[in-house]
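Just so it is clear, none of the values below were taken in a lab; they were calculated from the coordinates. Quick caveat: nothing in here was measured; it's all calculated off a predicted structure. Counting neighbours? That spans all protein chains shown, and the Cβs are built from the backbone with ideal geometry, glycine included.
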């Protein structure tokens, strides 16, 4: 696809792969969607997502996704939040602060490697009583068993998968942790945006097929109790631009039985 922006005329000219052309008003919803999809690739490649933090620790997420995540956690009010992939710790504190504000919930965070300094910072910080850190492969049966033992049998749980983003690993995580999710809650397979970044400078060609979104789509076919359902915005749903997310096809909602 080729796009040409004319700010003087206020138009966006789109040339499709087959050579067909169409013109959209520059400030229309369709133009916003198209330009946003390109902007997101540029934003990701410029590593803009590395410029955010939560309670002093880096949180490598797209801000729009974080606000939507907050809306869902507040609505679900989970007793337990299971997170795989700690990175630099900001997401651990993000979930812990929500639990503190809700007066409910605790966080179990798993990563293949947790630096000693990061562990010390979290376990000696203001949210230590709400967080359990586990070091190990999140798809390892022993780790899975440990997480389940710590989680118990909660009435409501929320699962956030953000570790190894290969399709095979995410699929194993979905199989391992989806049973914790009660009807009305979600398991999220983050960073399916890789699917549209495979041909960008910092992307990898294999991401076209090897990504979390592909794992999520396979999972819901095999598990009809779940469906891919993007949570609706609490306010201004008509203004939502679906292209502005790192998590396409990420929200796996457990349907009522």
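Listing for the model above:
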read-out: Helix 141-151 axis, angle to the chain major axis (alpha carbon atoms, nearest 10°); value: 80 degrees
read-out: GNM result for the chain, Cα springs below 10 Å: residue of 158, 198, 55 fluctuating most strongly; value: 55
read-out: Cα-only radius of gyration and Dmax that characterise the stretch 2-46, units Å; value: 11.0, 31
read-out: Sequence of 44, 251 once ranked by neighbouring C-beta atoms within 10 Å, starting from the fewest; value: 44, 251
read-out: The stretch 95-222: Rg to Rh, with Rh as the Kirkwood radius over Cα pairs; value: 1.00
read-out: Gaussian network model of the chain, springs between alpha carbon atoms under 10 Å - residue of 56, 236, 184 with greatest fluctuation; value: 236
read-out: Relative contact order for the stretch 159-246, counting Cα pairs under 8 Å that sit 6 or more residues apart, in percent; value: 29 percent
read-out: Tilt relative to the chain, helix 212-222 - C-alpha long axis, 0 to 90 degrees, to 10; value: 70 degrees
read-out: Hydrodynamic radius of the chain per Kirkwood, over alpha carbon pairs, in Å; value: 19.4 Å
read-out: Nearest 10 degrees, 0 to 90: helix 167-177 Cα axis against the chain principal axis; value: 40 degrees
read-out: Neighbour-count order for 235, 121, 165, fewest beta carbons within 10 angstrom listed first; value: 235, 121, 165
read-out: Antiparallel bridges, percent of DSSP beta bridges restricted to the stretch 52-254 (to nearest 5); value: 30 percent
read-out: Approximate spin-label separation residue 13-residue 36, in nm, with each point projected 7 Å along Cα-to-Cβ; value: 2.6 nm
read-out: Per-residue Cβ neighbour rank within 10 angstrom, fewest leading, 223, 239; value: 239, 223
